[in-house]
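Structure first, commentary second.
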Amino acid sequence: MNGKSSDCHVAVVGAGPYGLSSAAYLQAAGVEARVFGEPMSFWQNQMPAGMCLRSNWGASHIADPKGELTLDEYCRQNGNHISKPIPLERFVDYGRWYQSQAVRDLERRNVLSIDLDARGFKVVMEDGEEFTARRVVVAAGISPFAARPKEFDGIPPALASHTSEHKDLRKFQGQRVVVIGAGQSALESAALLKEAGIAVEVIARKETLNWVGLHARLHHLGVISKMLYSTRDVGPAGISRLVAMPHLFRRFPRPFQDRTAYRAIRPAGAGWLQPRIEGIPITLGHKVVSATVAGSELRLRLDDGTERLADHALLATGFRVDVSRYPFVSRSLVKQLKTVNGFPVLKRGLESSVPGLHFLGKPAAWSFGPLLGFVSGAEFASNELVRAITRNSGSN
Ligand SMILES: Cc1cc2nc3c(=O)[nH]c(=O)nc-3n(C[C@H](O)[C@H](O)[C@H](O)COP(=O)(O)OP(=O)(O)OC[C@H]3O[C@@H](n4cnc5c(N)ncnc54)[C@H](O)[C@@H]3O)c2cc1C
């Protein structure tokens, strides 16, 4: 057990971009916080080696209060260069460097449970330590929300798995893999499989593939580009600007918010993937209606009546937020949380219906828009969080 075993004002659960950034902002504001988690573990363990970030350079800095811990500064201090698009391994290293600079007292341990107690929240660590925090910031990412189509229920992991279960797709060497999905993760996984010499086919319900970043010219029109695109890099021209202002975005009627959010983050591949998926068989406009085990293989039946025999189905089918699936949030807390479609309903300060319990990152997207699902939303989230905490209680 870590030597530290004391109550604190704020406990931050998670050490990805949101947890690290919010910790740095809390520290700069003089708010006492304990921060938990393995730094950048989701990126390190649940994304495929060889992947590149879809977000551009300007939208991939992890926000810090002085704007000093940018990718550029990381390169300068470490005397190295990062190619574009940004390779996953370099981004993980950047995140760990950020942690070493800004969140030195990170406790690399997992939180086991959080529940209400008389003075705030009772936090229990996996190693048995217990303490009370007056506030809890959940910045634990999307890992528990991996979405599997129900047709694959009951199929053993050896035959079907979600993309987030893999850190190296070369393990499929010698197999025939069907990738399900049409977003960045599906298309990039397919490219990586093909490049590793693995037989791969993509199947998706979408009638066409969507691409982002194909209109490079629109980004080089000076003032006009600035009017069309925010540096946050979430969504197409115009929408990009709107979703970069979460307080404005959330004032619009819900149907507009939902439609715009979908448009901002609909399944799409980065333009630079196009040449890399050439030659891969892609079946669009069709859905897998049944998956069955056939000896050591997987038999997939599509809605056009055709079948595929494969060794593995890689489900690039995204994530569906449902905060009740965070294993550390107690059942009694879950019952008190006001949610919509699994998302917590949040007010200013990204605070939930349980006073003192905050959610950062993708779970905040129903209340504050799609920006919150991306690294570039951390600046807004951290500022908002710190403002609310310091306004409510002085600095401590
Ligand atoms: C394949 C893929 C590619 C992506 N590419 C991009 C991209 O290019 N650009 C972009 O902006 N976004 C991208 N995203 C979205 C990305 O997931 C989020 O932007 C980012 O991870 C959000 O950071 P986070 O801190 O909320 O979550 P995470 O990075 O997932 O961090 C969560 C942290 O919480 C910790 N944690 C979880 N449970 C506990 C616990 N019980 N106790 C302690 N710690 C815990 C984890 O260890 C982890 O460190 C991508 C997502 C996927 C799946």
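Using a Förster distance of 25 angstrom, determine the FRET efficiency expected from the C-beta separation of Thr231 and Leu284, and round it to 0.05. Using R0 = 25 Å, I get an efficiency of 0.15. The charge dipole of the chain, taken about its Cα centre with unit charges on the Cβ atoms of Lys, Arg (+1), Asp and Glu (-1) only, comes to about 1160 debye. Label separation (Asp303 vs Ser324): 2.8 nm, computed from points 7 Å beyond Cα along the C-beta direction. Taking the convex hull of the Cα atoms, report for segment 269-396 its projected area averaged over all directions, in nm². Computing the convex hull of the Cα atoms and averaging its projections yields 12.4 nm². Projected label points at Glu68 and Ser393, each 7 Å from Cα along the beta carbon direction, are separated by 2.7 nanometres. Note on the chain: Rg/Rh from C-alpha atoms, Kirkwood Rh, equals 0.97.
Per residue, the accessible area of segment 261-378 comes to 41 Å² when a 1.4 Å probe rolls over the protein heavy atoms. Here segment 1-160 is assigned +1 on the Cβ of each Lys and Arg and -1 on the Cβ of each Asp and Glu. Its dipole about the Cα centre then comes out at about 320 debye. Each semi-axis of the equivalent ellipsoid for segment 86-139 is √(5λ) with λ an eigenvalue of the Cα gyration tensor; in descending order they amount to 29, 11, 11 Å. Note on the chain: GNM, Cα springs under 10 Å; of Phe91, Phe359, Phe172, the largest mean-square fluctuation is that of Phe172. Site pair Arg205 and Met245 shows an inter-label distance of 3.4 nm when each label is modelled 7 Å from Cα along Cα→Cβ. Averaged per residue, segment 14-127 has 42 square angstrom of accessible surface, using a 1.4 angstrom probe with ligands and nucleic acids left out. Computed over segment 1-66, the P(r) curve from all C-alpha pair distances, binned at 10 Å from the origin, holds 18, 42, 28, 11, 0 percent per bin.
Neighbours of Leu346 by Cβ distance under 11 Å: Lys/Arg scored +1, Asp/Glu scored -1, total +2. Counting only DSSP beta bridges with both residues in the chain, what percent are antiparallel, rounded to the nearest 5? Taking every DSSP beta bridge with both residues in the chain, the antiparallel ones total about 45 percent. For segment 357-373, backbone phi angles converted through the Karplus equation (6.51, -1.76, 1.60; θ = phi - 60°) give residue-by-residue couplings of 10, 10, 10, 10, x, 3, x, 7, 6, 5, 8, 10, x, x, 3, 6, x Hz, Gly and Pro being listed as x. With both partners inside segment 1-140, how many of the DSSP beta bridges are antiparallel, as a percent to the nearest 5? If we restrict to bridges inside segment 1-140, about 50 percent are antiparallel. Take the Cβ atoms of Arg148 and Lys347, set R0 to 25 Å, and the FRET efficiency comes out at 0.20. Just so you know, the Rg over Rh for segment 328-396 is 0.98, from Cα atoms, with Rh as the Kirkwood radius. Its Kirkwood hydrodynamic radius, worked out from the mean inverse distance over all distinct Cα pairs, puts segment 154-201 at 11.0 Å. Out of every Cα-Cα pair that segment 41-153 contains, those further apart than 26 angstrom amount to 39 percent. Its Cα centre serving as origin, segment 78-149 has a Cβ charge dipole (Lys and Arg +1, Asp and Glu -1) of approximately 360 debye. Close amide H contacts of Ile62 (hydrogens built in the peptide plane, cut-off under 5 Å, sequence separation of 5 or more or a different chain): Leu71.
The order of the peptides 178-186, 128-136, 343-351 by mean Cβ neighbours within 10 Å, most packed first, is 178-186, 343-351, 128-136.
For Lys171, a cut-off of 27 angstrom between C-alpha atoms picks up these lysines, skipping any fewer than 8 places away in its own chain: Lys84, Lys150, Lys194, Lys287.
Largest first, the extents of the alpha carbon coordinates of segment 288-333 on the three principal axes equal 46, 24, 16 Å. Solvent-free Debye calculation, one equal scatterer per alpha-carbon of segment 202-324: log10 I(q)/I(0) at 0.16, 0.18 Å⁻¹ equals -0.96, -1.07.
On the chain, 52 percent of the accessible area sits on carbon and sulfur atoms, based on a 1.4 Å probe. Measuring spread by the Cα atoms of segment 29-105 yields a radius of gyration and Dmax of 13.0, 39 Å. Each principal axis of the Cα cloud of segment 119-259 was taken in turn, and the coordinate range along them, longest first, works out to 55, 51, 28 Å.
The values are calculated or read from the model by the stated rules, or taken from the named source; none is laboratory data. These numbers were taken from a predicted model, which means no experiment stands behind them. Every residue, glycine as well, gets a Cβ built from its backbone with ideal geometry; the counts of neighbours run over all protein chains shown. Only protein heavy atoms, including side chains, enter the accessible area calculation; ligands, DNA and RNA are left aside. Shrake-Rupley method; radii C 1.70, N 1.55, O 1.52, S 1.80 Å.
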